[in-house]
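Reading through the structure tokens given below for one structure.
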Amino acid sequence: MNIKTILDRVCLGTDKIHKASVVIPLNVWQEIEDKLEDLAASQSRVLKTKITKARKEKGLYSALEVKKILKL
């Protein structure tokens, strides 16, 4: 499902004082947020560079190393 499809599913309306209002279920809102974040991330040059660099690295890490890196 793409962002346009999700946004097309959202029902927009106006109330008596002509302010736009939107009523959607929370799970649909979370899906919209996720898709928008994915879109923003996919358009980020910095992120694309980091992903490319990470994919080129073939290093493997033990569970202890991962915990240390993530400071867990």
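Values in this text are rule-based calculations from the coordinates and carry no lab data. Just so we're clear, the structure is a prediction, and the values are computed from it rather than from any experiment. Cβ: placed from backbone, ideal geometry, glycine included. Neighbour counts: every protein chain shown.
Quick one: go through the range 39-67 and flag any residue whose amide nitrogen is under 18 Å from the point 7 Å out along the Cα-to-Cβ line of Asn2.
Those under the cut-off are 39-44.
Using R₀ = 35 Å, calculate the FRET efficiency as 1/(1 + (r/R₀)^6) where r is the Cβ-Cβ separation of Leu60 and Val23; round to 0.05.
Calculated value: 0.15.
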